[in-house]
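See below for the structure under consideration.
The values are calculated or read from the model by the stated rules, or taken from the named source; none is laboratory data. All values derive from a computational prediction rather than experimental measurement. With ideal geometry, Cβ positions are generated from the backbone for all residues, glycine too; neighbour counts draw on all protein chains shown. These accessible areas exclude ligands, DNA and RNA; they are computed on the full protein's heavy atoms, side chains included. Shrake-Rupley method; radii C 1.70, N 1.55, O 1.52, S 1.80 Å.
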Amino acid sequence: MSKQVTITINGKQVQVPEGSGLVEAAKLAGVDIPVFCHHPKLEPAGMCRMCLVEIGRPMIDPKTKEPIIENGAPKIQYLPKLETACTNRVSEGMVVLTQSEKAKSGQYATLEFLLTSHPLDCPICDKGGECSLQDLTMRHGPGKTRFILEEKQHFEKPLPIGDLIYLDRERCIQCSRCIRFQDQIAGESVLGFEDRGRGMQIVSISDPEFDSIFSGNTTDICPVGALTTADFRFGARPWELQSQASICTQCPVGCNLTLNTRREAQAGGEIVVKRVMPRQNEEVNEIWICDKGRFGHHYTESKKRLTKPLIRKDDKLARASWDAAAKLAGENFAAAKKNFVILASGRLANEDLFNLKSLADHAGGTALLYSDMGGGELTQLVGVGAGTNLANIGKGDAILVVASDLYEEAPIWWLRVKQAADRGATLIVANPRETKLDRFATSKIRYEYGEESKAIAELSKKGKVADEFAKAKNAIILFGSEGIGLTGTSALASACATLLQETGHTGRANNGLIGVWQRSNDQGAFEIGFQPEADLDKALKGKAVYIVGADPVGDDPILAKALSGAKFVAAQELLETATTEIADVVFPAQAFTEREGTYTSGERRVQRFYPAVAPKGDSKPDFAITALIAKQMGIILEGSSASVVFDILSHSVDAFAELSYARLAETKPQWPIVGRGDMYYGGTTYENKQGMGIQLIPTAQTEGTVRIPKVRKEAALHPKEKEALAVPVNKLYDLGVMIASAELLEEHIGKATVRMHSSTAQKFGVETGQIVTLNFEGLDGEALAQVDDTVPAGVALVPRSMGLAIHEPLVGSLQLKTQSGKGK
């Protein structure tokens, strides 16, 4: 526990941690000091002067170096002028007056000064109801202005500073919160000030404008209506909104969200999600979310949503009753016996996956995870220990990120790992190419694609980087799927687990292995018993297949061919997809916004999400649909309540033992203290009142040393002179079901682009912007070429989920597409 000092605030004596900022110390004492530029997550700036207070300090005798005592107490000396509370640190004996006449006069004058050029049109301002300037003016400022409206500055508005954020320059009070967030937290200095004095304004200094995947956070911490989001601007008044806790489904981080909803006339009187906001969880996402999580929810209201069961009749899908659809599926699955296959993705909740696995087990079928990544059994053994918090990683600790571009795959982990490096942690980035995390790395390891496991094995030997990792007090490894498929990731996970065990970094908090999975609940699927299949087309061909939350037909022509030869196909999905188009029966599932359930994050944290809007049409939760089908097969599964399914799950799967919805809903005090009652301090982030989740305990934490299974690694591919090595990489914005229908993100998705070194481009005679034809083993398609010298020579980076069916490294060639459409 940090050393405490005694200070006096407004006559109240309190003890606070030594070195605390005065604003934070006052907060701990229950005293609110008004601020605009200050934010508890940012370094002090002292720009707005709103926090002016009187500060007295004990007078020190120059001879004895002790406080001068007068009338039995230290003699306090005040400076003649007010001081900014945000830039002062507490010290022993400090006396602070926040409500003296002098302090109140300074705060009043600051507000009047800020309002000299601020439009007084609160009733039509988009920030009304969440405006710090409005709130603090009511508490501390003038009731009327002495300035003439015509003398105020007027600008053209709104000014887009990127396609997701709008700027109203008239409303900006130059607090610099947005600039400092991008500099200090996001590590992307894409905003700045232009001009000086009264003409100072915020500008984007990047190309494209506001080039950051964390841009939406600036609207949360903006104290006025200067920055607004494209999808919520003038969409609703804050006091009209209801709020419900949820979990982001876009990546394995598991960010805590609040869904703001309102009954909408344009939606026929239905309640709809108006915006997505961060919900504080200092152990997961703190108070931040990425733009994909903020703007990617619109797929839940897509016109392509499935709302009723469909059965194929005369080669066409037609509406059917739930009983008829479930009966058809149940009969075919029961008849298939051992040839019954369930193919499910990590988009599903734990409850859904558990019912599916139970159905497969009872029916004698197989439950497969739709994923290119393996290693889930290893995160169960040596995953990060319960109590892990990346915010506690700093000097003396180490983080290794291997085969993962965290910025594209798990943005909030990228942000938190970067902050750990800022605090002094040793950050080792191992990747064949440069990524955005390299800027903050202590050491960078370059290896050839296919040599991932070998590179990790080298870290168990002597050497500077190896020694830094081995001697670290705490160490965490995050492994991904860059450039490798199922076999490669399984081997890499084994190598990482071995390194952690050999160096003593397993079985305790802030140590262990994290998988940077391709979907939000892949970890939950592994925990429940799902496994991916390397030869998936063979596993599906000629079988009765139950596909849930996946689109294999749209993703891969080989899988499409395999399913065309299946005996029966049932598809359970939110939206119309290529897979639903070929299915014999289609079941409409509810979105995460319409139901409750749980997800297990990559850090093995189980978290609850809650329903915010009514279900679309006759759709049902996935676990309930599975229960209906099971009933037709003579198998009884719980289908009425997600909480009951979870209770059965917790009694059936050892890792979930003793967990319950009630425990997952528990919260605890967090720092900084943020909430909707003082938005001028922490922004518009929501306080966490509905659950912070519970981390599962890895085997190594309960049993000590564990046996790490060895995985045979296939030899790395080496292209010949006239060939290239195509490797799969992950892209934040792709053509996956949950993003492709989000119109707001269309520009960010872009077109399928293959990146290659200039020497590779020269070898195949292509230039940036040209369309190339790909001809690799099992991969044929077209893409834009982009020359990028950070890519190793002889390699072509091919994005996953962009219409190009690549799951693992492939050798082949590139050809420039001619006007006739053929390669030359």
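Would a scan of the stretch 662-673 turn up a residue that is open to solvent by less than 10 Å² (accessible area, probe 1.4 Å), touching a Lys or Arg at 6+ places or on another chain (Cβ under 7 Å) and not in a loop (DSSP other than H, G, I, E, B)? Yes: the stretch 662-673 contains one or more residues that are open to solvent by less than 10 Å² (accessible area, probe 1.4 Å), touching a Lys or Arg at 6+ places or on another chain (Cβ under 7 Å) and not in a loop (DSSP other than H, G, I, E, B).
In the stretch 405-426, the residues that are modelled with pLDDT of 95 or more form Cβ pairs under 6 Å with partners that are of a type in the set (S, T, N, Q) and not in a helix (DSSP H, G or I), at six or more places apart or across chains, as follows: D405/T435; E408/N730; E409/N730; I412/N285; T426/T442. Every test in (1) under 30 Å from I213 (Cα atoms); (2) in a helix (DSSP H, G or I); (3) open to solvent by 30 Å² or more (accessible area, probe 1.4 Å) is passed by M138 save one, and that test is (1). Among the residues in the stretch 105-122, are any in contact with a helix residue (DSSP H, G or I) (Cβ under 8 Å, 6 or more places away or on another chain), among the hydrophobic types (A, V, I, L, M, F, W, C) and not in a helix (DSSP H, G or I)? Looking for residues that are in contact with a helix residue (DSSP H, G or I) (Cβ under 8 Å, 6 or more places away or on another chain), among the hydrophobic types (A, V, I, L, M, F, W, C) and not in a helix (DSSP H, G or I), one finds at least one in the stretch 105-122, hence yes. Would you mind stating whether I445 is more than 23 Å from V284 (Cα to Cα), over 25 Å from the mean Cα position of the chain (by Cα), of a type in the set (A, V, I, L, M) and at pLDDT 95 or above? So I445 fits the description; yes. Within this structure, R275 fails the test of being among the basic types (K, R), touching a helix residue (DSSP H, G or I) at 6+ places or on another chain (Cβ under 6 Å), open to solvent by 10 Å² or more (accessible area, probe 1.4 Å) and assigned to a strand (DSSP E or B). A single entry from V754, V711, V772, V706 fulfils the requirement of being in contact with a strand residue (DSSP E or B) (Cβ under 7 Å, 6 or more places away or on another chain) and either over 21 Å from D405 (Cα atoms) or assigned to a loop (DSSP other than H, G, I, E, B) (or both): V772. E703 falls short on exactly one of the conditions (1) of a type in the set (D, E, K, R); (2) surrounded by fewer than 16 Cβ atoms within 10 Å (Cβ to Cβ); (3) touching a Lys or Arg at 6+ places or on another chain (Cβ under 9 Å), and that condition is (3).
So which strands (runs of 3 or more DSSP E) stay within the stretch 1-81 end to end and still have 1 or more residues that are of a type in the set (A, V, I, L, M) and under 45 Å from the mean Cα position of the chain (by Cα)?
In the stretch 1-81, the matching strands (runs of 3 or more DSSP E) lie at 4-9, 12-17, 52-58.
Within the stretch 105-123, residues that are open to solvent by 30 Å² or more (accessible area, probe 1.4 Å) sit with their Cβ atoms under 6 Å from residues that are part of a helix (DSSP H, G or I), at 6+ positions apart or across chains, in these pairs: C122/Q134.
Would it be correct to say that R508 is surrounded by 24 or more Cβ atoms within 10 Å (Cβ to Cβ) and basic (K, R)? In short, no.
On the basis of being of a type in the set (D, E, K, R), in contact with a Gly (Cβ under 8 Å, 6 or more places away or on another chain) and surrounded by 20 or more Cβ atoms within 10 Å (Cβ to Cβ), does E808 make the cut?
For E808, the condition - of a type in the set (D, E, K, R), in contact with a Gly (Cβ under 8 Å, 6 or more places away or on another chain) and surrounded by 20 or more Cβ atoms within 10 Å (Cβ to Cβ) - is met.
In the stretch 433-459, the residues that are without any contact (Cβ under 8 Å) to a residue 40 or more places away in the chain reach residues that are among the β-branched types (V, I, T) and open to solvent by 20 Å² or more (accessible area, probe 1.4 Å) with C-beta atoms within less than 6 angstrom, at least six apart or across chains, in these pairs: T442/T426; S443/V465. Can you find a residue in the stretch 556-569 that is among the hydroxyl-bearing types (S, T, Y), touching a strand residue (DSSP E or B) at 6+ places or on another chain (Cβ under 6 Å) and over 30 Å from V706 (Cβ atoms)? No, that holds for no residue. Sort out which residues of the stretch 131-157 are of a type in the set (D, E, K, R) and in contact with a Phe, Trp or Tyr (Cβ under 9 Å, 6 or more places away or on another chain), and write them in order of number. Matches in the stretch 131-157: D135, K157.
Search the stretch 227-255 for residues that are closer than 19 Å to I213 by Cα and pair each with any residue that is surrounded by fewer than 19 Cβ atoms within 10 Å (Cβ to Cβ) and modelled with pLDDT under 95 when their beta-carbon atoms are under 7 Å apart and the residues are at least 6 apart or on different chains. Every condition considered, the pairs that remain are A230/D163; A230/L744; D231/L744.
Scanning the stretch 181-208 for residues that are in contact with a Gly (Cβ under 8 Å, 6 or more places away or on another chain) and outside any strand (DSSP E or B), which turns out farthest from V224 (Cα to Cα)? So the residue we want is P208. Is at least one residue of the stretch 88-96 open to solvent by less than 90 Å² (accessible area, probe 1.4 Å), under 25 Å from G683 (Cα atoms) and free of Cβ contacts under 8 Å to residues at least 24 places away in the same chain? The answer is no; no qualifying residue exists.
Taken over the stretch 1-28, the criterion of being open to solvent by less than 10 Å² (accessible area, probe 1.4 Å) and either among the small types (G, A, S) or farther than 16 Å from E92 by Cα (or both) is satisfied by G21, A25, A26. Screening the stretch 384-479 for strands (runs of 3 or more DSSP E) wholly inside it with 3 or more residues that are under 24 Å from M373 (Cα atoms), among the hydrophobic types (A, V, I, L, M, F, W, C) and open to solvent by less than 50 Å² (accessible area, probe 1.4 Å) returns the ranges 398-402, 426-430, 475-479. With respect to the stated conditions, G254 is assigned to a loop (DSSP other than H, G, I, E, B), among the small types (G, A, S) and surrounded by 24 or more Cβ atoms within 10 Å (Cβ to Cβ).
Inside the stretch 233-252, can you point out the residues that are hydrophobic (A, V, I, L, M, F, W, C), in contact with an Asp or Glu (Cβ under 8 Å, 6 or more places away or on another chain) and modelled with pLDDT of 95 or more?
C251, the sole residue that qualifies.
The single condition from (1) open to solvent by 20 Å² or more (accessible area, probe 1.4 Å); (2) of a type in the set (S, T, Y); (3) in contact with a strand residue (DSSP E or B) (Cβ under 6 Å, 6 or more places away or on another chain) that T580 fails is (1). Of the residues screened, T489 is one that is polar (S, T, N, Q), part of a helix (DSSP H, G or I) and under 24 Å from the mean Cα position of the chain (by Cα).
Scanning the stretch 532-553 for residues that are at negative phi and under 24 Å from the mean Cα position of the chain (by Cα) returns P532, V548, A550, D551. Checked against (1) open to solvent by 10 Å² or more (accessible area, probe 1.4 Å); (2) of a type in the set (V, I, T); (3) under 30 Å from G691 (Cβ atoms), I287 meets all criteria but (1).
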